Amino acid sequence: MADVEGLECWTCTLYGDPVAKGRPRFARRGARVISYTPAKTSTFETQAAAHLLASWGDRPPLSQPCELTLVSVFRRPERLRCKHKRPCECDPRRLPALNAVDLDNCCKAIADSLQKRTAEGRSVIANDSLICSLHAVKVYAADDPNDEPQTQIRLCWGPAVEAMR
Ligand SMILES: [Zn+2]
């Protein structure tokens with residue numbers, strides 16, 4: 001993205017298969033029923049939060065309206081890989097991922113990772129309610145061993161974001 005007047009941006013990439021936030025599960029504790037996040041989502045959010053914060057550095061948590069952009073890159077299915085030995089018509093670029101993953105649930109997992117606080121109280125954004133603009137894409141990786149499953153994340157803020165209203 002080109003530099004835009006009044007816009008600040010931060011980007012970070014999480015490597016590994018994108019994770020969609022699982023539905024809350026419920027468990028009985030005596031007379032009470034409690035809800036909890038499934039283990040896979042919880043582990044992902046903890047690890048993602050640590051990586052995002054390492055990239056964010058010592059800055060205080062972002063506490064102004066922001067825009068979140070994410071590109072969820074899934075492993076390319078074997079049937080979509082070129083197996084020809086001769087020149088062919090296969091398109092090696094990234095493709096829209098028509099898998100069963102709900103993209104909005106990928107957004108939720110990333111938004112929660114961005115607001116997740118460490119034991120010292122640090123996080124990238126103070127609260128995910130600050131995300132006022134959202135753009136998300138899901139694709140299969142390119143037919144190229146260098147394009148691994150990953151989530152590309154971009155946060156933008158500043159007067160240009162606040163002027164969108
Ligand atoms: Zn081919």
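All of the numbers you see were taken from the coordinates with simple rules; none came from a lab. Please read all numbers here as calculations on a predicted model, not as lab measurements. Cβ coordinates were reconstructed from backbone atoms using ideal geometry, including for glycine residues, and neighbour counts include every protein chain displayed.
Less than 17 Å from a label point 7 Å out along the Cα-to-Cβ axis of ARG122: which backbone N atoms in the stretch 54-84 qualify, by residue?
Within reach of a label on ARG122: 54-63.
Using +1 on the beta carbon of Lys and Arg, -1 on that of Asp and Glu, and nothing else charged, what's the dipole of the stretch 35-109 about the Cα centre, debye to 20? Please list the in-between numbers first.
Numbers: 12 positive and 8 negative charges, 134 e Å.
Magnitude of the dipole: close to 640 debye.
Count the lysine pairs in the chain whose Cα atoms sit under 17 Å apart, keeping only pairs 8 or more residues apart in sequence or on different chains.
Counting lysine pairs in the chain gives 8.
Can you pull out the trypsin sites (Lys or Arg not before Pro) in the stretch 86-147 that DSSP calls coil and that have at most 14 other Cβ atoms within 10 Å?
ARG93, ARG117
Note the angle between two axes, namely the Cα long axis of helix 103-115 and the longest principal axis of the Cα atoms of the chain, as a number of degrees from 0 to 90, rounded to the nearest 10.
Result, in degrees: 50.
Place a +1 charge on the Cβ of each Lys and Arg in the stretch 74-152 and a -1 charge on the Cβ of each Asp and Glu, then give the dipole magnitude about the Cα centre in debye, rounded to the nearest 20.
Values: 14 positive and 12 negative charges, 60 e Å.
Computed about the Cα centre, the dipole is about 300 debye.
Using the Cα atoms of the stretch 33-117, I'd like the radius of gyration and the largest Cα-Cα distance, Dmax, both in angstrom.
Values for the stretch 33-117 (Cα only, Rg and Dmax): 18.1, 61 Å.
About the Cα centre, and with charges only on the beta carbon of Lys, Arg (+1) and Asp, Glu (-1), how big is the dipole of the chain? Nearest 20 debye, please.
Values: 24 positive and 20 negative charges, 211 e Å.
For the chain, the charge dipole is close to 1020 debye.
Quickly work out the CYS132-to-ARG59 label distance, labels modelled 7 Å from Cα along the C-beta direction, and quote it in nm with one decimal.
For ARG59 paired with CYS132, the spin-label model returns 1.7 nm.
Quick one: order TYR140, TYR15 by neighbouring beta-carbon count within 10 Å, fewest to most. Each step should come with its number before you reach the end.
Numbers: TYR140 21, TYR15 10.
Ranked by crowding around the Cβ, least crowded first: TYR15, TYR140.
Go through PRO92, ALA50, ALA39 and say which Cα lies farthest out towards the positive end of the charge dipole of the stretch 1-144; charges sit on Cβ, +1 for Lys and Arg, -1 for Asp and Glu.
ALA39
Over the Cα atoms of the stretch 61-165, each weighted equally, I'd like the Debye log10 I(q)/I(0) at q = 0.23 Å⁻¹, rounded to two decimals.
These q points yield log10 I(q)/I(0) values of -1.16.
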